[in-house]
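Undergrad: This is the structure I have questions about; it appears just below.
The values are calculated or read from the model by the stated rules, or taken from the named source; none is laboratory data. Since we're looking at a predicted model, the values are computed, not measured. A quick note on method: Cβ atoms are made from the backbone with ideal geometry, for glycine too, and the neighbour counts reach across all protein chains shown.
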Amino acid sequence: SKAQGKNTYHWFDHELIQETIRKYQLEQELMSALEQEQFYLLYQPKVDVKKGVISGVEALVRWKHPDLGVIPPIDFISIAEESQQIIALGAWVMQQSCYQGKRWLDAGQEVAISVNVSAVQLAHDDVYEMIKRALTEAALPGYLLQVEITESAIMENSNHIIDTFSQLRALGVKVAIDDFGVAYSSLNYLRRLPIDILKIDKSFVDDCVTNQKDRMIVRTVVQLGHNLGMSVTAEGVEDEAQLALLKTEGCDEYQGYLFSKPVSAPEISELLFSKR
Ligand code: C2E
Ligand code: CA
Ligand code: CA
Ligand code: CA
């Protein structure tokens, strides 16, 4: 009814105001959260499709807020980007990931670490220096680091991005395109940029067993990647049927709850010894 409609709008406005207040509050608190060591990293295994063994891990940040509990990145990354605080937070994530990679290496486990780098970080002049510094300080060899960058971040296709990717590659660092296929997929950047890995977005993996179009997209992205000399990773793999299909389609690597959700560094160490 009309009355109900009105109520709904009233409720919605209220929610919107609450949301705005909460966003503002989080933005204010982000500043001190880094100093107060409220962030931590979880790691999600990446698995070699053919061998069934862990081929690397992706670092995923969490915020342990003193009052609100654990806040997932979807609730604060965009706020950190808008306020430029992602520069400091992203540098912290990179440094911690490199230290952790070195710890695993020293323990005799060569684990490639993937770190998400946001568009705001990538646009920053110092992004290459920041990554190089993190590697040097941790004494982690570059070949054990991968950076994951979303398509939308590289659409500008600027010389700065080409230079950054080339410089990273010279260190042995690999570049992955995250959420491939979702945003403004353009073949133009695939031929211009030095890219090593395509990550097929979860939204194509979800229904690839039942939806023929999704399956064809998966097949085509795998072939596209391979034809361009890239490795292809599927994200969000939740069941055996999806994995079997990805194997048939020749996908190289997968990630998803089927193998493991993101877990702590010690849990990764256990997985490395048991499942490798
Ligand atoms: P992403 O890079 O696409 O990461 C994959 C997300 O999907 C992660 O969520 C992961 O926990 C989740 N996931 C993995 N496997 C499955 C599955 O089988 N099923 C389902 N339903 N979900 C799965 P998370 O950790 O909440 O991260 C969300 C997004 O936040 C990431 O998406 C990434 O864009 C961003 N993010 C996380 N950590 C960082 C960071 O350190 N820096 C930046 N810039 N962004 C980050
Ligand atoms: Ca990612
Ligand atoms: Ca994704
Ligand atoms: Ca993403």
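Undergrad: Residue by residue through segment 112-130, note down the ones that are closer than 22 Å to residue 78 by Cβ and either within 14 Å of ligand 2 (Cβ to nearest atom) or in contact with a Cys (Cβ under 9 Å, 6 or more places away or on another chain) (or both).
TA: Scanning segment 112-130 gives 114, 115, 116, 117, 118, 119, 121, 122.
Undergrad: Something else now. Hey, among 153, 176, 139, which residue is aliphatic (A, V, I, L, M) and touching a residue at least 40 places away in the same chain (Cβ under 8 Å)?
TA: Only one candidate passes the filter, namely 176.
Undergrad: Moving on. State whether one or more residues within segment 70-86 are on the phi > 0 side of the Ramachandran plot and not in a loop (DSSP other than H, G, I, E, B).
TA: no
Undergrad: Right, another one. Test residue 146 against the stated conditions and say whether it is within 16 Å of ligand 3 (Cβ to nearest atom), polar (S, T, N, Q) and surrounded by 15 or more Cβ atoms within 10 Å (Cβ to Cβ).
TA: So residue 146 fits the description; yes.
Undergrad: In segment 196-276, which helices (runs of 4 or more DSSP H) lie fully inside it and hold 1 or more residues that are under 24 Å from residue 115 (Cα atoms) and β-branched (Val, Ile, Thr)?
TA: 202-205, 212-227, 265-275
Undergrad: I'd like to verify a number: residues in segment 177-234 that are among the basic types (Lys, Arg) and modelled with pLDDT under 95, how many?
TA: Final tally of qualifying residues: 2.
Undergrad: Quick one: what pairs do we get from segment 237-252, first residue touching a residue at least 12 places away in the same chain (Cβ under 8 Å) and closer than 15 Å to residue 217 by Cα, second among the hydroxyl-bearing types (Ser, Thr, Tyr) and surrounded by 20 or more Cβ atoms within 10 Å (Cβ to Cβ), C-beta under 7 Å, 6+ apart or different chains?
TA: Final answer for the pair search is 246/254.
Undergrad: Oh, and also: Can you tell me which residue within segment 244-276, out of those that are buried (at least 16 other Cβ atoms within 10 Å of the Cβ), within 20 Å of the chain's Cα centre (by Cα) and among the acidic types (Asp, Glu), is nearest to residue 226 (Cα to Cα)?
TA: Result: 252.
Undergrad: Being of a type in the set (D, E, K, R) and surrounded by 15 or more Cβ atoms within 10 Å (Cβ to Cβ) is the filter here, so list the residues in segment 154-196 that pass it.
TA: Within segment 154-196, 169, 174, 178, 179, 196 qualify.
Undergrad: Same structure, new question: Would you say residue 87 is free of Cβ contacts under 8 Å to residues at least 60 places away in the same chain and of a type in the set (Val, Ile, Thr)?
TA: So residue 87 passes the test.
Undergrad: Related question: Give the residue that is surrounded by the most Cβ atoms within 10 Å (Cβ to Cβ), with candidates limited to residues of segment 210-243 that are over 19 Å from residue 54 (Cβ atoms) and of a type in the set (Gly, Ala, Ser).
TA: In this case the residue turns out to be 225.
Undergrad: Let me ask something else about it. Are there helices (runs of 4 or more DSSP H) fully within segment 118-195 with at least 1 residues that are more than 15 Å from ligand 4 (Cβ to nearest atom), touching a Ser or Thr at 6+ places or on another chain (Cβ under 9 Å) and among the aliphatic types (A, V, I, L, M)? List them.
TA: By residue number, 119-123, 127-138.
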